[in-house]
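*Asks:* Pasting in a structure now, in structure tokens, and then I'll have a few things to ask.
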Amino acid sequence: MEQEIRACLDQRRYQDAFDLLLPEFQNKVFRLAYAMLGDTTMAEDLAQEVFVRAWRALPGFRGQSSVSTWIYAITRNACLTALKAAGKKKESSLEERGIARAAEQADRAPSTHATIDVARFLDQLPEKYQQALRLYYLEEKSYEEVSRLLGWPMGTVKLACTARARNWRQR
């Protein structure tokens with residue numbers, strides 16, 4: 001699909017390119033937005049905004065990256081802007097007591113099911129770590145993809161994902 005979209009862009013057939021791009025990426029954009037925002041309504045609104053931005057930016061697409069990287073970058077930037085505007089972007093250390101406390105509480109919580117309540121566990125973490133864990137574990141993105149999408153160094157992504165994962169896997 002990537003090659004077909006690029007061919008349309010090279011021929012300046014922007015409507016055709018968009019007609020291919022939308023069904024190819026609409027679910028992926030929504031899932032990334034949801035992973036970063038944690039809210040269905042916000043993710044739906046943001047996904048629409050992303051495709052409006054993409055439509056407007058198609059004539060300027062230079063092909064220096066893949067179409068998927070380009071659309072994910074638009075999505076990521078829109079999510080970060082939305083989080084900042086909503087006052088949800090929190091900076092904290094991986095060693096912050098609140099993170100350790102949330103992980104400990106998740107470990108101590110009585111479990112009547114074979115699975116853990118991932119959503120409850122994620123909700124107890126600071127927003128930036130929720131994003132990394134959702135992308136890596138729920139969206140099954142690689143460390144490299146999470147690093148690129150969040151703009152984090154690879155080591156930080158690995159540390160964030162593996163430190164939190166120990167608490168999930170011990171159950």
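The values are calculated or read from the model by the stated rules, or taken from the named source; none is laboratory data. Everything numeric in this text was worked out from a predicted model, so none of it was measured. All Cβ positions, glycine included, derive from the backbone under ideal geometry; neighbour counts span all protein chains shown.
*Asks:* Out of the residues in the stretch 144-160 meeting the condition of being more than 11 Å from the chain's Cα centre (by Cα) and surrounded by 18 or more Cβ atoms within 10 Å (Cβ to Cβ), tell me which one is modelled with the highest pLDDT.
*Replies:* Result: 152.
*Asks:* Would a scan of the stretch 107-114 turn up a residue that is part of a helix (DSSP H, G or I) and modelled with pLDDT under 50?
*Replies:* Yes.
*Asks:* So, residue 61, is that one at pLDDT below 90, of a type in the set (Phe, Trp, Tyr) and touching a Leu at 6+ places or on another chain (Cβ under 8 Å) or not? Walk me through it before giving the result.
*Replies:* Details: at pLDDT below 90: yes; of a type in the set (Phe, Trp, Tyr): yes; touching a Leu at 6+ places or on another chain (Cβ under 8 Å): yes.
Yes, satisfied.
Rundown of residues vs (1) touching a strand residue (DSSP E or B) at 6+ places or on another chain (Cβ under 9 Å); (2) among the charged types (D, E, K, R); (3) closer than 19 Å to residue 66 by Cα, yes/no style:
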| position | (1), (2), (3) |
| --- | --- |
| 1 | no, no, yes |
| 8 | no, no, yes |
| 16 | no, yes, yes |
| 19 | no, yes, yes |
| 24 | no, yes, yes |
| 27 | no, no, yes |
| 43 | no, no, no |
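*Asks:* Still on this structure: Scan the stretch 119-140 for residues that are farther than 17 Å from residue 78 by Cα and either modelled with pLDDT of 80 or more or hydrophobic (A, V, I, L, M, F, W, C) (or both) and jot them down.
*Replies:* 119, 121, 122, 125, 133, 138
*Asks:* Given the criterion touching a residue at least 40 places away in the same chain (Cβ under 8 Å), buried (at least 16 other Cβ atoms within 10 Å of the Cβ) and part of a helix (DSSP H, G or I), identify the matching residue among 30, 18, 51. Quick ask: steps written out before the conclusion?
*Replies:* Details: 30 fails: touching a residue at least 40 places away in the same chain (Cβ under 8 Å); 51 fails: touching a residue at least 40 places away in the same chain (Cβ under 8 Å).
It is 18.
*Asks:* Does the stretch 33-48 hold any residues that are in a helix (DSSP H, G or I) and not acidic (Asp, Glu), and which are they?
*Replies:* Those that are in a helix (DSSP H, G or I) and not acidic (Asp, Glu): 33, 34, 35, 36, 37, 40, 41, 42, 43, 46, 47, 48.
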